[in-house]
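The structure under discussion appears below in the form of C-alpha cells.
The values are calculated or read from the model by the stated rules, or taken from the named source; none is laboratory data. The model shown is predicted, which means the values in this text are computed figures rather than measured ones. Cβ atoms come from the backbone with ideal geometry, glycine included; neighbour counts cover every protein chain shown.
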Amino acid sequence: MNSINNFINLTKKSKFLLSCKETDFIVKLTCFICSVVALCGFLVAFVAIGCSKKNRVDSQPTVTPIVVFGVDGLEWNVMLPMLRAGRLPNFAKLMERGYYGKLATFVPTFSPVIWTTIATGKRHSKHGIHNFARRLPDDKITLFNNLDRKTKAVWNILSDYDKSVVTIGWWMTHPVEPINGIMVAQTNTRAQLDTRFGKHIWKGTLRKGVPNQVYPPERQNEMISILEAVERGADDLAKEIFGEFQFPLSLLGERLWGNCQWAFRADATYLKIAHKLAQSQPMPDLTLIYLGGPDVVGHRFWRYMVPQLYRHRPTSEQIANFGTIVKDYYAYIDSALGDIITDVGPDATIFVISDHGMKAVNQNATFDPDLPPSDINSGEHQDAPPGVIFAAGPNIRKLTSTEKTPTSLMRSDLIEVCGVLDITPAILAMLRIPIGLDMDGEVPTKIFTDQFQITHQPAPVDTHDTAEFFSKRLKSSAHPGKAERLEQLRSLGYIGND
Ligand SMILES: [Zn+2]
C-alpha cells in the first residue's frame with residue numbers, strides 16, 4: 001500500500017508541475033518534458049517496488065479468510081458415535097482434509113471467561129472477565145461486559161493492522177466497540193430471577209430496544225429485523241431440527257424445553273446474519289461466530305441421551321420425547337457448518353472449537369421440576385473436560401498420527417491439539433501479525449504445514465496493549481449512559497436486583 005500511496009502522491013506532484021503558469025513556450029515545453037520524464041521515472045520505480053513486493057508475497061503461503069466457528073460445549077463422546085453413524089458429514093469432510101483433536105481448557109469453565117480467553121490468548125487474571133457478573137461495593141450485582149475487558153481482543157489487534165474482522169454473537173461484545181469491520185453483539189447476558197432459589201444466569205442474544213448491539217450502529221436495525229424473522233419462524237425451526245414430541249410433556253419436561261428456546265433463536269439469528277454478510281460483502285480476513293445451543297441442550301437433556309448413567313432413569317415416554325435432543329442439535333450444527341463452508345468457499349481456513357466438553361452430573365438426583373436449575377441439569381463441565389478443535393485450510397496440516405477415518409475413530413485415537421489460550425496466537429500467526437509476549441498461549445505450530453512455518457513469521461512484540469486503548473475504554477466505561485443502560489436492562493427484567 002505504501003508504494004501505491006507514494007505513487008499517488010508523486011503523481012499529484014507531477015500534475016502540479018504540469019500546471020505551472022510560465023508564459024514562455026520553451027519553459028512550458030521544458031516543464032512538460034521534465035514532468036513526463038519524472039512521471040516515467042516514478043512509474044519505473046513503482047513497477048520495480050511493486051515487483052519486489054510481489055516476489056515477497058509469492059514466497060509466502062496464501063493467506064485466505066479465516067473463520068472461527070465457536071460452539072459452546074461440543075463433546076467428543078457425543079460426536080464420535082455420530083461420526084461413525086455418518087450423522088456429521090460436514091465435520092467428517094473437515095477431518096479428512098485437516099487437523100483435529102481435543103482442545104485443553106481450564107476452570108472456571110464459565111462461558112464469558114473461556115470465550116474471552118479464546119479471543120485474547122490470556123487467562124482471566126489478565127483479561128479481567130472473571131465470571132458472568134460481579135458484586136458492586138453497594139452490594140448490587142452488575143454484569144461483566146465488553147468494557148470490563150482489560151486487554152485487546154483479537155478483533156482490536158487485527159483492526160490495528162488494517163485487517164478486516166466480523167464478530168457475530170461472541171461473548172462479552174456488548175456494548176459493541178469500533179473495529180475494522182462489523183460487530184454483532186451477544187447482548188444482555190440474562191439473569192433470571194427465581195425468588196425461591198436465587199438467580200440463575202443465562203447466555204445472551206440480540207434484544208429489541210437495546211442500543212449499542214451492532215457496530216457500525218447504522219446496521220443495527222437490519223440485524224434486529226433478522227432476529228424478528230427468526231422469532232416468527234421459531235416453532236417451525238424447532239420442528240425441523242427435533243421433529244414433534246410423541247407424548248405430552250411433564251412439568252419438568254416443559255421447564256427444560258422452555259429454558260432452551262432462547263438459545264435456539266439466538267443461534268438461528270447469528271447463523272442468518274453470518275449467511276447474509278457472506279452473501280453481501282467480500283469475506284473479511286477473520287470471522288468469529290459463536291453458537292451456544294449444544295451447551296444449553298447438553299445441560300438439560302444429557303440424562304435422556306444416556307439414561308443408564310442415572311440412578312433415577314427417565315420414563316420410556318420421556319426418553320422418546322427427549323432422547324435425541326442433544327444429537328439432533330449436533331446434527332443441526334453440522335448442517336450449519338456445511339452452510340458456512342459453502343458461503344466462504346473451499347479455500348478459506350476453518351476452525352471449529354468448543355470451550356469445553358460435557359459429561360453426566362447429578363447422577364443420583366431425583367430431577368424434581370421444582371428444584372433449582374443446577375439440580376435439574378443432567379450435563380455439566382465444571383471440571384473442564386476438554387473441548388474439540390477442527391482446523392482445515394490451505395496452511396493447515398492433514399493429521400496423519402492416526403490412520404483411522406472419521407467413521408472408525410475412537411476416543412483413544414484423539415490427541416490433544418492445543419488449548420483455548422492458543423487460538424488467538426494461531427490466528428495472529430496466520431495473518432503474519434506479531435504475537436504479544438504478554439499472551440499466555442502460543443502458536444500451535446503442529447497444526448500448520450512446514451511451508452507455512454518456515455516463512456516470514458514476524459518477531460513478537462511485548463504487548464499489543466497501548467495507553468490510548470485503555471484511556472478510550474475508561475472514557476466509555478465512565479459514560480453516564482452505562483448507568484442508564486443497566487437501569488433499562490433491570491427494568492426489562494434482564495438483571496435481577498439480587
Ligand atoms: Zn455450560
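Data for the structure
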{"quantity": "Qualifying residues in segment 444-489 (those that are within 24 Å of the chain's Cα centre (by Cα), hydroxyl-bearing (Ser, Thr, Tyr) and at pLDDT below 85) - the one surrounded by the most Cβ atoms within 10 Å (Cβ to Cβ)", "calculated": "476"}
{"quantity": "Every residue from segment 443-476 that is in a helix (DSSP H, G or I) and β-branched (Val, Ile, Thr)", "calculated": "445, 447, 454"}
{"quantity": "Given (1) more than 15 Å from the ligand (Cβ to nearest atom); (2) modelled with pLDDT of 95 or more; (3) of a type in the set (A, V, I, L, M); (4) not in a helix (DSSP H, G or I), index of the condition residue 388 fails", "calculated": "(1)"}
{"quantity": "Yes/no for residue 166 being more than 18 Å from residue 465 (Cβ to Cβ), at pLDDT 95 or above and more than 16 Å from the ligand (Cβ to nearest atom)", "calculated": "yes"}
{"quantity": "Qualifying residue in segment 378-385 (condition: part of a loop (DSSP other than H, G, I, E, B), in contact with a helix residue (DSSP H, G or I) (Cβ under 9 Å, 6 or more places away or on another chain) and farther than 26 Å from residue 118 by Cα)", "calculated": "yes"}
{"quantity": "Checklist (1) surrounded by fewer than 22 Cβ atoms within 10 Å (Cβ to Cβ); (2) part of a loop (DSSP other than H, G, I, E, B); (3) within 16 Å of the ligand (Cβ to nearest atom) applied to residue 368, failing item", "calculated": "(3)"}
{"quantity": "Test: residue in segment 283-296 that is among the acidic types (Asp, Glu) and more than 24 Å from residue 80 (Cβ to Cβ)", "calculated": "yes"}
{"quantity": "Any hit, segment 312-324, residues being surrounded by 19 or more Cβ atoms within 10 Å (Cβ to Cβ), among the basic types (Lys, Arg) and over 17 Å from the mean Cα position of the chain (by Cα)", "calculated": "no"}
